[in-house]
Structure formats: C-alpha cells, structure tokens
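To keep things clear, I will list the structure first and then write my remarks on it.
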Amino acid sequence: MIFRRNDLPQKTLMNINLGSPHARERGARAFATPYRATTFCFRFTLVVLGASLCCSATRAEEASPEASPGKPAREVHFTNDVQPILAKRCYACHGPDVAESGLSFVNREAALSETESGEHAIVPGDIDASLLIARVISTDENERMPPEGEPLKESEVEILRNWITAGAKWQKHWAFEPLTHPEPPQVASEDEHPDANKHANPIDAFIQATLTANGLSANPTADRRTLIRRAYFDLIGLPPSAEEIAAFVNDTSSDAFEQLIERLLAMPQYGERFGRHWLDLVRYGETNSFERDNPKPNVWKYRDYVIKSFNDDKPYDQFVREQLAGDELDEVTTETLIATGYYRLGIWDDEPADPLQARFDELDDIVATTSQVFMGLTINCARCHDHKIDPIPQTDYYSMLAFMADLTSFGHRGDQSSFNQIDVSTPELNRQYEALDQAQRQAEQEETAIEQAGITKMSAEDQRATEGPKREREQVLKKNLKKHLDDDQWSRYEQLWAELKDIQSRRKALPSRESVLGLGRYEPPKPTFVLFRGNPHSPTDEVQPDYPTLFDVDPPTLEPSTTDRGSAGRRRVLADWMTQSDNRLTSRVIVNRVWQYHFGRGIVRSSNNFGQLGTPPTHPELLDWLATYFVENGWKLKDLHRQIMTSRAYQMSSTNTDEGLAVDPNNDFFWRFDPRRLSAEEVRDAVLAVNGSLNKATYGPSFYPKLSAEVLSGQSRPGAGWGNSSEDESNRRSVYIHVKRSLVTPLLEAFDFPEPDRSCEARFMTLQPGQALSMLNSDFVHEQAAKLAKSIDATSVSDDEVAKRAIRAVFARDATDEEVGRAVKLIADLEVNYSLSRDRAVQLYCLTILNWNEFLFLD
C-alpha cells in the first residue's frame, strides 16, 4: 500500500465529515453503530477512547450479584451456569487430569465424595456444610480457592450458593439431551402491546417472554430504508439501488417486506452470499499450503456446487449426505462427486518429515472439521486422550476416524492428481477418446517396428545414436531411415505418419474431458487402532466405526460395499445417521448458524462448539423450536430465512436505550438489533457495485486480482501461482477470488477474511488501523474512486452537483445541504492549497465518501 502524500495529507482525510458528537455504545461494541457524518478512519479513534472509558463501567456490571435483597434468585441450571464456573476456575486442580486432596468436579459422584481431609466440598441443600463455599469466599490467601488468579466474582459465588441450596442437581448437558418440541410461550395481550400482529411469528413469542422476564422492552421496528439495506446485505451481500429503496419505501402493501425477501432469495447472488458462509466453515482454499502451496486442480467446482446448492434450496440433509458420501449414494451423479471434494479442501504437505504422522494429521483435519461443522462437537480434542470436558472418550475419536478409513491421501509428491481427480466425461466422449488412443497405439507400434527394421541396417554409430536422446534419434531417422527401407516399407511409414497426424487433429477437435476434484481412488479400509497419545507409531486397541457414545444409540450396521466404485460404504452410514430427523445436534447446529448470519451471533455464540466449554444458548427453547420447525419443513434453508426475517426481532431498530444497556449490555436477550461492519467481501463488492463496475457473472474458474510486486514478493517463490485476469474478470464478486493459502488478497485480509487452514465458525469483526489505511491508500480503492467519479460524469458538472451525484450513487439517497457544502469546500481546498487538478480532487472526494461509516457499517 502506498500512502499518497502528494495527493492528500492524512490529516485532511482524518478531519472531514466529523459532524457533531454521537452517543456511543459501551465497551467493545462502540464501533458497531454507523454514523453518516463520521469517517471510517476517524472512527478508529472513537473506538479506542470508547473502550477505555467504558472499561470500568463494564467491570462494575459484571460484578453485580445475581440476586439482591427482596429479589428472588433465578433458577440455576448446572450446565449453563455452574459447570462453566467449575471448568474455568476449578478444573486446573480438581478436573479430569488431577484431583488434588481427593476432590474432582468431573461428575456428581466425585464432587459429593468425601475428600482426603474427611470433609465434603458439596453437601446438597446445606451451604454451611459445603466446604466449597467457605473456600471460595475466604479472605485468607492460604485457604481461598482458587489459589491463583482473581477470586470468584460475587455473581459466581451466588450461582454456586443457589445451586447447592437447590440440591446441587447435576443435569445432563443441554446439547446432549434429545431435541424437545417446545410450544411458543404465551405473551401479553394485544391490548398491552398495541403493535398489530406483534407475536404472530413464534420467534417473537420466545423473544418477548425472555425480555419480559428480565424487565426489558423490545425496540420498535426499524425504518424501511434501514430494513431494505439490512435485507439486501444479509441475503445477497450487495447494497440496494436508489430505485429499489424508493420502490420499497413507497410500497404500502402489508406484505411488502415478505415480497422483498422472496425477490432476494430468488436471486443468484443469494447463493454467492450464503455459499461464502459455508466455505468459511469447511476451510475452503484452492491451494495445499506449506512451502510450495501448489494449486488444487478443479477445486473451484466445489465452490460452485455450494453456491448452486444454496440457490436451488437443496434440502440441508441432502447437502450433508452429498458431501460426506456423494460417491456412495443410491444415485451417484457428477454433482454428488463434486460434493466429495469436501474431503480435499484441507492443507496437505507434499514433503512431510514423517509421512505416517502427516497422514494422520490429514485425517484429523477431516475428523475435526466434520464433527465441528455438522455436529458442533470438538471430537478432535480426544485424539491423544479422553476429552477433558465433554463425555467423549479417545475411542470415540478413532471410531469416527474409522468411518473414513477408505479415504486416500490427497496425493504424493510425484502424483497430485490421480488420487483426487475423477473423470466425469460422458461415456460417448470417453469412447471416442479411447478409440483414438487405441488407433494411436497401433499406429505407433507399427511405426516403431518399421523404424527398427531400418535401424538394424544402419552403422553402429547411427544405431547408438537412436538409443540416445529423442532429438538425436529423430535426426538420425530423418537422415538415414529411408535409404534402409524398401519402397513398400517407406510408403507404409509415410502413411502411418499421416495417420498419426490425423489422429492428433481429431483429438483436438473433440471437447475436452471433464475432471472434478473428489475421491479419485480408494483403498480397502485397514483396521483402525487407538493410538497411544495420538502417536501413529504406537497403535493399541482396534476399534470399529461407531457413533459418539454420548448419543447412546446402537452401533452401525456396515455393509461390505454400497457402490460398484470400490468404496466401503461407511461414510454413507455416517451421513445417514447424522441427517436423521431426531439427531440432537445436526439440526440445532445449522439453525443456530443461520440465526448467527442474520443477527451477528448465534443463540449459541460458540457455533462450532455445542459442548460443555461452549457458550450456553441464550434461548434454548427457541433453538429447539427452530430446529424442529426446520426438519418438519423439509430441511429447507430458504424457508428458515423467511421465518427468521419476518419476525419483529429481526426487524427491530438498533437504537440504544439506557434501560437495555443497563440490564443487558451484550444484547443477549435481543432487545434490539445489533449493527455490524460489512464483511471483507461486502466491502469490496459494494465498492464495485456503487460505481457500476461489478461484473455479476456467476460460476466458473476463479480470478486473480491485481497485486503489487511488494505483496507478491512475500512468497517463497515471488509471483508463483498467481495468474493475470482481465479487468472484466477482476470485477467479479469476491467469492470468486482465487484463495491461495499463502497469499490472501490484502484488502480482504484487512477486513478479517478467515484463515483458510481451519474451520471458521464466525469471522472477527474488528476495527483496526489496517482497514482505514487500506480504504484510504490501496491502489484498488483509488482506481474504483476514479471510476466512481467517471460514472457520475464529474468532469462536466459543478462541484455541488458532484456531491449530489456521488452521494446518491454510493448511499442511494439525496445529499444534505451540509454535505454538499463540505464537498465543495474540500474540492476547492485540494485544488488551491494542494495544487491538484480538478479531476484528481474530485476523485479524492469520491474516495472519502467510500470511507464514511454509512458505507462501511450496516444498521
């Protein structure tokens, strides 16, 4: 990135459009509320100050007790409230690995047992007899627990007191319980809530019940301009045009928002937006990583498969089965074979120091991704020992791995294609190629026989030359062969040469064969053993494919083979079990993800970890209702979008209230809508969209955006593996950018594009200087700002008209008089005080508005 000091000093960009001060959110959320009159660069300063000023207030709120005099203590749930405290503060000394003084909190029996001193840490119903309470509140540093770190907060102590008083119940972890079928709660009557149809959507009944229980009120509905912008970015990742906004704002029909949702779901851009979410989860990358970071041929077809599946509204259970076992289904198609490219997405070392270790690392990556993405379980934590927190023994890890025992490695050093490329050409095309191959082999064999007949008659020196390099052999044959053959032999030789030339021409005229990335080869499943401390060189007991024991179901019945392609059929069994309607995790996990993509966080914030160290659900009944609804309606994601987006919870404004911030500063109860910064792809795509450059062509091979020599030089082989794409190709949506693991596009990386080496459950939404610097200084943004100026015909209109046209193009609204005045002043200042041409001054004005918070944040 080059800072353009001669064009415009940083202080100018830092001080334009500051406007009047605005109320800020507390703590780390300070950055999330967009204000039209504040520049993105200056916004970073507000964040730092806001976070510092709010630090003490946040700590004070965290320290407040659960119950106060005159206020009844809320019911305490072991897995949601108690176990996180025990795991975080007690397990280091009294957990799975160690039980100091004979005390362990890993299960109820151990926790209630007598300690080595003859006392009891927990006596159900009796706080005074429970040593745990006495030790955590002790002021004696020699007695207080935990012995290191901060003492327990009063709120944590109160949870433990309430739990012991209520009998120290040790409930099973919520996610390991079967799905429930909750009914939406009864809420206040319409007389008390005058908004029409306020709770027509069951989601709102669940949300309102929680708000009421916590003394909170829901925000009113956002204005229509906010709603259409929210819906557009959520569903297609692009901004609406001024005409689209006006049409929606002026639409008086009662179902205007529902119609808007339908139009967006029908657009091909929907699959691009939600397909990118899925690619984050399955750690999609187009290269292998490590030093050479070679490309994965045809991996982009998996990306297109994902996008198309979302656009087609493919049932999620089918989507899962195709990826896990697309080669073992009753009907195997090119599409299902492409889906198995899922197994080839991870990193791969083509020159490992320990090949066996590398092989098991490759399988571990697949087990980790499969368990986290589809089931929200960290089964991979049991690779070397029993899971420290969840009831997942080490045998469960290797039983899961055994389902995938027929998977071959991605390749080996000398062959990185035959193991993972599948020929999916039509039978007729293959027959034509095979016929040409056979004809060529016959002609070459006869040609070689004639050559050999002539060679035997040549001098010893010429004979030796024909045994050397190909070039020398051809020179000798061209010079001497004819004179050592009779007329019939030479005539036939010339005829064969013409035939071979004709075969090559016919081959070139044929359509190319098509290959896809997938499971190109299989190996008969070898026995799977538990590995001592995960060491592949130390196998112990053999295990069979089996489901995690926490599900408490019968082991699978395995058939020798389910297809004629030689696979073991085990992955089909796993996929079928995982997509059963009563699987307690699969449906919960995916509906939680969709909720996260709409609200910025899931009902379970740790969306890849539904285990005991994950975050408990804020609305467990709502989560189960959504999961049940989703399965009963055919696992259709678009229907789930409709249900969520037509709720009042989704349509609420993001305005802060003193009441809400005081009671629920993290918005756990959804009393308002959380604003957010645009994602990396949304930023880039929106820049292209507002200046009219965006190429909306769908599907096809990835493109390579232009990178500077400085960026390319950071590779072990500078520039290797990075192609050149035309300007039109480079203007395609960001989902089609080539994802090279060792060279992530800098603009995307600045805006928190995920590391593609592992599953990303939720992207960071940071606000840091690199983002402001990228938006102010990158060649890409400067080029797009120049295109924006050209698209509004800035050179032929007045400065005030430039402001009006630019603001309408970027923000799809009319400019205010104040904004026009500031624009005229800035352009004049750049021309007079910095000696810039008017064209350059206008381009820099266009650059500044691409840095406004109104552009970069979604309300």
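The values are calculated or read from the model by the stated rules, or taken from the named source; none is laboratory data. Given the structure is predicted, the values throughout are model-derived calculations rather than measurements. Here the Cβ is made from the backbone with ideal geometry for all residues, glycine too, and neighbour counts use every protein chain on show. SASA here: full protein model, heavy atoms, side chains in, ligands and nucleic acids out. Shrake-Rupley method; radii C 1.70, N 1.55, O 1.52, S 1.80 Å.
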On a 0 to 90° scale, report how tilted helix 224-236 is relative to the longest principal axis of the chain, with both axes built from alpha carbons and the result rounded to the nearest 10. 40 degrees
Could you tell me the calculated FRET efficiency between ALA213 and PHE529, based on Cβ-Cβ distance and R0 = 56 angstrom, to the nearest 0.05? 0.60
Which pairs in the list LYS301/LYS636; LYS308/LYS740; LYS706/LYS787; LYS470/LYS508; LYS457/LYS479; LYS787/LYS825 are over 19 Å apart, alpha-carbon to alpha-carbon? LYS301/LYS636; LYS308/LYS740; LYS470/LYS508; LYS787/LYS825
Calculated from backbone phi, Karplus (6.51, -1.76, 1.60) coupling profile of segment 139-149 in Hz, x at Gly/Pro: 8, 7, 4, 7, 10, 4, 10, x, x, 10, x
When all protein chains stay in place, what accessible area (Å², nearest 10, 1.4 Å probe) is found for TYR522? 40 Å²
I'd like the antiparallel share, as a percent to the nearest 5, of DSSP beta bridges with both residues in the chain. 90 percent
If contacts are Cα pairs under 8 angstrom and at least 6 residues apart, what is the relative contact order of segment 463-601 in percent? 10 percent
Roll a 1.4 Å probe over the protein heavy atoms and report the accessible area of PHE673 in Å², nearest 10. 10 Å²
ASP554 versus THR456, label points 7 Å from Cα toward the beta carbon: distance in nm? 7.2 nm
In degrees, nearest ten, helix 202-213 long axis to first principal axis of the chain (Cα): 40 degrees
Might you tell me the accessible area per residue for segment 550-643, computed with a 1.4 Å probe and given in Å²? 34 Å²
Give me the distance between the Cα centres of segment 652-719 and segment 87-143, rounded to whole Å. 47 Å
Sorting THR370, THR646 on solvent-accessible surface, 1.4 Å probe, most exposed first, gives THR646, THR370
Within the set of other residues whose C-beta is less than 9 Å from the C-beta of ARG741, count the net charge using Lys and Arg as +1 and Asp and Glu as -1. -3
By a straight-distance test (C-alpha under 18 Å), which lysines pair with LYS172 as possible cross-link partners, with residues fewer than eight away in the same chain excluded? LYS388
Rg/Rg_globular for segment 428-529, with Rg_globular taken as 2.2 N^0.38 Å and Rg from C-alpha atoms: 1.59
Using a 1.4 Å probe and ignoring any ligands, DNA or RNA, find the accessible area of THR549 and quote it in Å² to the nearest 10. 80 Å²
Would you mind telling me the share, in percent, of accessible area of segment 236-357 contributed by carbon and sulfur at probe 1.4 angstrom? 52 percent
Inter-site label distance for ALA246 and SER835 at 7 Å from Cα along Cβ, in nm: 4.4 nm
Cα radius of gyration and Dmax for segment 402-467 (Å): 21.0, 64
In whole Hz, with x marking every Gly and Pro, tabulate ³J(HN,Hα) for segment 80-93 from phi via Karplus 6.51 cos²θ - 1.76 cosθ + 1.60, θ = phi - 60°. 7, 10, 7, 4, x, 5, 4, 5, 7, 9, 10, 5, 4, 10
Taking Cα pairs closer than 8 Å and at least 6 residues apart, the relative contact order of the chain in percent is 18 percent
HN-Hα J in Hz across segment 780-793 - Karplus 6.51, -1.76, 1.60, θ = phi - 60°, x for Gly and Pro: 4, 5, 4, 4, 6, 5, 5, 5, 5, 4, 5, 5, 9, 6
Sort HIS173, HIS385 by accessible area with a 1.4 Å probe, largest first. HIS385, HIS173
Simple spin-label estimate for SER253/ALA720, 7 Å along Cα→Cβ, in nm, reads 5.8 nm
Run lengths n ≥ 4 of DSSP H only: what is the helix-derived mean residue ellipticity at 222 nm for the chain, with -39500 (n - 2.57) per run over all residues, to the nearest 500? -14000 deg cm²/dmol
